[in-house]
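To start, the structure itself, in structure tokens.
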Amino acid sequence: MSTKTNNSFYHGLGKLKMLWLSVLLFFLTAQTEAQLSASFSTNMQSFCLKPGEGLVVRFTDETTGGAHTNDWSFGDGTTSKAINPVKTYTSPGVYYVNLTTKNPSNDVSATTKQIIIYPAPDVVFTTDVNSGCSPLKVNLTDKTATPEIKDPTTGVIYKDRIASWQWEFGDGNKASTIAPTVPHTYTLSGNRKVILTLGTERGCKVSSESAGDFIKVIDNAIADFYIPPANSCKFPLTVQSSNFSGTGLAYKWEVRGTGSAVISNSADFSPFITFFQSGSYRISLTVTNQAGCIDVLNYDYVLPPSQIVNMFSAPDSACDKSTVNFINQSNPDPISQTWYIDGAKQPITKDLSYQFNTPGTYVVKLESQF
């Protein structure tokens, strides 16, 4: 008995398998070749360009969709086919960077990004006072124009506004402000250089320094004197001023008060001052040095009414051959006293006991020192 094979059946089965295999391969190919989508990012360390320098920008390809080639156009006429190119810009401007990608199936995808490179600020600052006597107060003001750039395509103007000011005053002091003007007081003499560092909203930092003698601080004159206490209990009384201001300067003395007083010579180094009555006085000395710096010192001087009483008590008559006691009632207690009877000096004692041996009229005198 023989077996007959149906070759047409197997032949049809083989065609069916080949068909399913083709469908499967097409499906796998469709799965592996995803849609191409161009994309990139930039790494900019700064957003401003300083004169004479270049700004380095790193581009990173972030395209999805499988293998592809790159065509870069950096917006300034230069191109590249690198995967992750590095570009140096030498001029501020608004640049449109384009990345065009192509895969092995000749699918094309492109994307464009805008890059704004600002000019660095041209730092300019001024001061309201360049020189003067210490302590010297100045106001420093930033006059820098806001950096800006115009897009030639759209006409839009982009500005990188100044956001911070860092000042170095040249005397060891510094200040950080959020306003363009800063006050500062110099207390020591000498020439000072000022440095200003600006920070913009886009993170640009630029510094500029002045000449070494931008601020000139001159030593001030110093007025210094002393008026000694009065050494007399009677008016008019005269005292001599003690001037400690130094020599080689110009002086001007003044005295004002509730009483009457005069100065021997108001331009003298240490003049005499004569007071004619008690009262409260203000003595002023104005000193001017060779640089024209002026200093004034006021001194309050009080001369109270005299409260010193020099007196003694004793009977106004007595018998001859009797001893009479003279009691010293001076106030305050004197530091020394001297008694006289008819001009004859007596022993130095606070109180005096004296025997009159001859009848007559006698003059008793007490001199006290306070």
When region 161-170 is examined, which residues are found to be surrounded by fewer than 17 Cβ atoms within 10 Å (Cβ to Cβ) and assigned to a loop (DSSP other than H, G, I, E, B)? R161
Could you please let me know if T90 is among the hydroxyl-bearing types (S, T, Y) and open to solvent by 40 Å² or more (accessible area, probe 1.4 Å)? yes
Which condition number does T153 fail, the rest of (1) open to solvent by 80 Å² or more (accessible area, probe 1.4 Å); (2) closer than 30 Å to N98 by Cβ; (3) at pLDDT 95 or above being met? (3)
Top-ranked residue in region 54-92 [being more than 45 Å from the chain's Cα centre (by Cα) and among the aromatic types (F, W, Y); ranked as nearest to A34 (Cα to Cα)]: W72
Please work out which one of (1) open to solvent by 70 Å² or more (accessible area, probe 1.4 Å); (2) in a loop (DSSP other than H, G, I, E, B) is the condition K252 fails and give its number. (2)
Where V57 falls short, out of the listed (1) at pLDDT 85 or above; (2) in a loop (DSSP other than H, G, I, E, B); (3) open to solvent by less than 60 Å² (accessible area, probe 1.4 Å): (2)
Out of region 271-285, which residues are open to solvent by 30 Å² or more (accessible area, probe 1.4 Å) and within 12 Å of N243 (Cα to Cα)? F272
Residue list for region 286-330, filter: within 30 Å of T238 (Cβ to Cβ), in contact with a Pro (Cβ under 8 Å, 6 or more places away or on another chain) and exposed (fewer than 14 other Cβ atoms within 10 Å of the Cβ): I308
Subset of region 198-229 [part of a loop (DSSP other than H, G, I, E, B), over 18 Å from the mean Cα position of the chain (by Cα), of a type outside the set (S, T, N, Q) and surrounded by 16 or more Cβ atoms within 10 Å (Cβ to Cβ)]: R202, C204, A221, A223, I227
Any idea which of (1) open to solvent by less than 50 Å² (accessible area, probe 1.4 Å); (2) over 30 Å from F40 (Cα atoms) is the one K143 doesn't satisfy? (1)
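The values are calculated or read from the model by the stated rules, or taken from the named source; none is laboratory data. Everything numeric in this text was worked out from a predicted model, so none of it was measured. Quick reminder, even Gly has a Cβ in these numbers, built from the backbone with ideal geometry, and neighbours come from all protein chains shown. Protein only, heavy atoms only, side chains kept; ligands, DNA and RNA dropped before computing areas. Shrake-Rupley method; radii C 1.70, N 1.55, O 1.52, S 1.80 Å.
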